[in-house]
1. Condition first: part of a loop (DSSP other than H, G, I, E, B), aliphatic (A, V, I, L, M) and farther than 15 Å from residue 164 by Cβ. Now tell me which residues in the stretch 197-218 satisfy that.
2. Please go through the stretch 170-198 and pick out each residue that is of a type in the set (S, T, N, Q), without any contact (Cβ under 8 Å) to a residue 60 or more places away in the chain and either in contact with a Cys (Cβ under 7 Å, 6 or more places away or on another chain) or within 23 Å of residue 129 (Cβ to Cβ) (or both).
3. What are the residues in the stretch 170-188 that are within 19 Å of residue 219 (Cβ to Cβ) and of a type outside the set (Lys, Arg), if any?
4. Which one is surrounded by the most Cβ atoms within 10 Å (Cβ to Cβ), of the residues in the stretch 219-240 that are over 13 Å from residue 161 (Cβ atoms) and touching a helix residue (DSSP H, G or I) at 6+ places or on another chain (Cβ under 7 Å)?
5. Quickly run through the stretch 1-44 and pick out the residues that are of a type in the set (D, E, K, R), closer than 16 Å to residue 125 by Cβ and either surrounded by fewer than 17 Cβ atoms within 10 Å (Cβ to Cβ) or in contact with a Pro (Cβ under 7 Å, 6 or more places away or on another chain) (or both).
Amino acid sequence: MANSLYQKHIISIPELSREELELIVETAGQLKKEPRPELIKNKVVASCFFEPSTRTRLSFETAIQRIGGDVIGFDNGGNTSLAKKGETLSDSVQVISSYVDAFVMRHPQEGAARLASEFSNGVPVINAGDGANQHPTQTLLDLYTIAETQSRLDNLNVAFVGDLKYGRTVHSLTQALAKFNNIRFFFVAPEALAMPDYLCEELDEAGIQYSLHTDMESVIPELDILYMTRVQKERFDESEYAHIKSAYILTAALLEGARENLKVLHPLPRVDEITTDVDVTPHAYYFQQAENGVYARQALLALVLNETL
């Protein structure tokens with residue numbers, strides 16, 4: 001297929017077609033098997049993180065360098081002269097984009113990536129997370145990991161567990177998987193952290209099956225993918241948090257009745273929602289998932305910066 005991702009802003013998952021998602025997944029698989037260290041040779045990519053990040057920033061910068069690009073940027077925007085001198089985001093983007101071929105940005109403000117795309121003078125902007133809104137490249141590595149472990153992206157039973165209300169990774173991945181056929185979702189969360197109504201309405205309108213649950217034990221035997229997330233302590237008082245947290249801890253014992261092909265994913269960092277005895281089961285795949293971030297981001301950068309590969 002033609003590469004419709006060339007010079008495209010990557011702001012949110014709904015703006016990517018199924019075909020584009022499949023192209024990124026396929027390219028990631030090829031790059032994992034056969035490294036291509038000169039794919040973006042002589043290209044400079046800005047890595048601008050206006051809030052701290054470890055996995056996403058290191059994964060992006062590794063990806064850039066492994067396919068031959070050069071990286072410039074910063075990892076804490078609050079410590080830069082941009083912030084200290086009060087420069088607007090739009091001015092910062094206009095200046096930095098004049099130095100580079102692509103602009104990777106994380107920002108605490110929802111909508112910041114879209115704003116950046118309006119002031120980048122045609123330089124493609126890649127959203128590395130904008131507040132609680134979208135985290136599209138996490139979704140790309142999740143899709144690649146699912147395809148790698150299940151050999152398909154259609155005909156899947158997928159559960160999301162934990163903080164489904166505020167978790168941008170959960171929202172983006174749900175929207176991505178909804179583009180594929182015969183996906184059945186299981187949303188497992190306390191009522192206070194249930195999947196937002198707008199996402200459930202999107203699934204209803206598309207005729208996609210989903211069910212709501214408050215415990216995960218009953219759904220595990222039906223699953224191909226179990227996607228765990230952290231219940232955030234700061235959203236509850238101490239007693240409420242202790243009760244909720246204990247209901248959403250995955251142990252090896254809970255996986256005894258699971259399908260052989262079930263994989264457990266997590267966007268990391270985990271706190272105590274997955275016990276360490278799960279790590280040694282054949283179902284654990286969250287560390288490989290994190291590694292796959294490098295290949296998914298290599299694929300995305302290569303496709304955005306090259307008309308043909």
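The values are calculated or read from the model by the stated rules, or taken from the named source; none is laboratory data. For clarity, every value in this text was computed on a predicted model and none was experimentally measured. All Cβ positions, even for glycine, are placed from backbone atoms using ideal geometry, and neighbour counts span all protein chains on display.
1. Here is the first cut: in the stretch 197-218, the ones part of a loop (DSSP other than H, G, I, E, B) are 207-208, 214-218.
In the following step, the residues that additionally are aliphatic (A, V, I, L, M) were identified as 208, 216.
Answer for the stretch 197-218, where residues must be part of a loop (DSSP other than H, G, I, E, B), aliphatic (A, V, I, L, M) and farther than 15 Å from residue 164 by Cβ: just 208.
2. Correct list: 174 only.
3. So in the stretch 170-188, the residues within 19 Å of residue 219 (Cβ to Cβ) come out as 170, 173-174, 177-178, 182-188.
Selection gives 170, 173, 174, 177, 178, 182, 183, 185, 186, 187, 188.
4. Of all residues in the stretch 219-240, those over 13 Å from residue 161 (Cβ atoms) come to 221-222, 224, 232-240.
If we keep only those that are touching a helix residue (DSSP H, G or I) at 6+ places or on another chain (Cβ under 7 Å) too, we end up with 224, 233, 236.
On the way: 224: 20, 233: 13, 236: 17.
The extreme case among them is 224.
5. 8, 15
The rows are residues; the columns are (1) surrounded by fewer than 22 Cβ atoms within 10 Å (Cβ to Cβ); (2) part of a helix (DSSP H, G or I); (3) among the acidic types (Asp, Glu); (4) not assigned by the TED database to the domain that holds residue 28.
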position	(1), (2), (3), (4)
258	yes, no, no, yes
261	yes, no, no, yes
264	no, no, no, yes
269	yes, no, no, yes
272	yes, no, yes, yes
277	yes, yes, yes, yes
280	yes, no, no, yes
297	no, yes, no, no
300	no, yes, no, no
